[in-house]
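In what follows, a structure is listed as structure tokens, so that the remarks can point back to it.
The values are calculated or read from the model by the stated rules, or taken from the named source; none is laboratory data. Small disclaimer: the values here were computed from a predicted structure and weren't measured. Methodologically, a virtual Cβ is constructed for each residue, glycine included, from the backbone with ideal geometry; neighbour enumeration extends over all protein chains shown. Each accessible area value is taken on the protein alone, full model and side chains, heavy atoms only, with ligands, DNA and RNA left out. Shrake-Rupley method; radii C 1.70, N 1.55, O 1.52, S 1.80 Å.
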Amino acid sequence: MSDWTAGYVADIGYTYGYYKELNPLRMRLAFLNAGIAPPKQAKACELGFGQGLSAAIHAAASDTQWFGNDFLPAQAAFSQSLVEASGSDAEFTDESFAEFLARDDLPKFDFISLHGVWTWVSEANRQLIMEFIRKNLAVGGVVYVSYNTQVGWAQMMPLRRLMVQHTQRMGAPGEGTAQRIRQALQFADQVMKTQPFHAQNNAQVAPKLQELMSQDPHYLAHEYFNRDWQPMDFADMAEYMELAKLEYASSATYLDLIEAVNLSPDQQALLAQIGDVALRENTRDFCVDKKFRKDYWVRGARTLNPVQVVDGLRAERVVMTKPRGVISLVLEGAFGVADLAADVYDPILDFLADYKPHSLGEIEQAMASHPKIGLQEIVQAMFIFTHRGEIQAAQAGSVISQAFSRTQKLNHYLIERARGSSDVQYLASPVTGGGIEVNRYQQLFLLGRQQGCEQASALAEFAWSILEPLGEDMIKYGRALQTDEEKLADLNERAEDFLRRDLPMLQGLQIA
């Protein structure tokens with residue numbers, strides 16, 4: 001009997017994460033910054049979409065038609081349930097890369113995305129992916145790909161291999177992948193306690209193991225415990241992409257676009273002297289010890305002149321996607337933590353605190369009385385706060401109106417699901433064309449408001465009526481709450497925060 005999994009973990013599902021970089025709207029700012037015309041976004045595809053939450057949200061929340069595959073049937077079925085709930089015209093299947101490639105009924109795609117998949121699959125599947133891109137990416141189209149890098153993972157590769165061997169040689173098949181992963185982590189921890197020279201000579205190993213031990217086995221199974229796991233440097237990735245006539249456009253990690261927070265003056269000067277893109281990016285990754293790259297590649301870049309770049313930037317629309325009160329001016333970069341200038345960034349954030357879409361040109365006009373704030377500073381602010389998910393690109397008003405009914409139906413489905421599960425922590429916004437983090441408590445409060453609860457006490461009682469029969473633990477400041485009184489008091493506090501802080505934002509994003 002053939003192994004249809006091809007060495008990929010198939011008995012344990014991936015997590016229900018949402019990844020903002022998979023939203024095609026997000027690439028516009030990076031392309032304009034690179035002097036490249038942002039392409040259209042009529043047709044999009046996600047290869048290996050996991051649970052498909054990102055793809056389903058993007059299909060519901062935009063006017064882009066989405067396709068995608070993930071060869072695990074349970075994951076494809078979940079993604080299809082989201083499509084049915086929203087009423088979008090997305091098409092998600094459980095076809096393998098080979099089966100998806102063989103189809104002759106797919107359109108030319110303007111955007112093809114792969115989140116992490118590249119690192120986890122075999123060389124044969126990487127070749128199939130590249131053939132799919134060659135065949136199905138439109139001229140002018142973009143590929144987003146994220147992957148583990150060789151330089152950032154070199155120290156960890158022997159330990160990762162040791163743990164995989166433990167799951168293969170010591171774990172009993174009947175125990176299931178999650179249990180075998182726990183045992184492998186325990187074994188690795190025992191090894192670390194013997195103070196092996198490898199760990200002593202490679203300072204990243206022990207802290208990384210502790211980080212892995214705190215993470216969900218469902219995540220670890222797919223990230224680190226597949227048979228195939230191949231970190232890659234940028235130059236090798238570029239060789240693959242060149243076969244499909246793709247050229248590097250930009251990093252999709254927006255903080256990377258601000259060199260001063262990542263590189264020393266000497267490093268910046270050195271990189272500026274390197275004309276070869278692949279060598280420059282490899283050198284940059286070496287300087288910052290890059291572990292995970294997120295990149296945009298384009299087939300046929302259309303360059304813009306400086307006037308077109310400025311006009312394009314001014315026309316870009318953004319919206320605040322975190323409550324203003326929780327947005328910090330402390331920035332963490334490669335050199336550590338730094339304080340952002342309050343006289344530059346606070347006025348921009350305050351202007352966006354109405355949770356309505358604004359163009360960068362509008363922000364520029366509103367900042368006219370602030371001598372330190374020009375378009376350059378506004379664009380840099382967008383890089384910082386978009387990187388952190390506190391600001392996101394906003395769609396045109398006509399697209400927002402078109403997507404509203406679909407996002408309402410999808411969010412209703414997800415909020416109802418929150419009655420019995422906390423696995424999905426995102427809802428769809430027609431304003432951003434993507435997902436917004438909304439935790440289970442907030443989802444239950446939204447459900448309570450739909451059923452007529454308006455005051456914090458009523459929302460807390462409503463949430464308690466759902467949670468109490470389930471007997472689930474409630475955690476506050478790392479401590480499990482013990483009594484019903486403590487739990488209800490915590491729900492009251494959360495409901496007050498929701499009404500005061502979260503609800504205005506969710507209303508602006510047309511989620512509430």
³J(HN,Hα) computed for each position of region 378-395 - Karplus, 6.51 cos²θ - 1.76 cosθ + 1.60, integer Hz, glycine/proline x: 5, 4, 4, 4, 5, 4, 5, 7, 6, 4, 8, x, 8, 9, 9, 5, 10, 7
Heavy-atom accessible surface of the chain: percent carbon and sulfur, 1.4 Å: 51
Computed lengthening from Val139 to Phe197, 0.36 nm per intervening residue step minus Cα-Cα distance: 15.7 nm
Column: log10 I(q)/I(0), Debye, Cα scatterers of region 403-448, q = 0.14, 0.16 Å⁻¹: -0.28, -0.36
Residues in region 456-474 reached by a label modelled at Ser422 [backbone nitrogen below 20 Å; 7 Å Cα→Cβ]: 459-474
FRET efficiency estimate (nearest 0.05) - Cβ-Cβ, Lys108 to Gln451, R0 56 angstrom: 0.75
Relative pair counts by distance (%), Cα atoms of the chain, 20 Å bins: 20, 55, 24, 0
Relative contact order (%) - the chain, alpha-carbon pairs under 8 angstrom, separation at least six: 18
About the Cα centre, charge dipole magnitude for the chain (Lys/Arg +1, Asp/Glu -1 at Cβ), debye: 480
Average accessible surface area per residue within the chain, 1.4 Å rolling probe, Å²: 43
Thr407 - accessible surface, heavy atoms, 1.4 Å probe, Å² rounded to 10: 0
Distance in nm between pseudo-label sites at Asn439 and Ala396 (7 Å out along the Cβ direction from Cα): 3.8
Additional length obtainable on full extension of the chain from Gln168 to Leu243, 0.36 nm per residue less Cα span: 23.5 nm
Ile274 accessible area, assembled protein chains, probe 1.4 Å, Å²: 30
Inter-label distance for Gln179 and Asp484, nm, one decimal - labels placed 7 Å from Cα along Cα-to-Cβ: 3.6
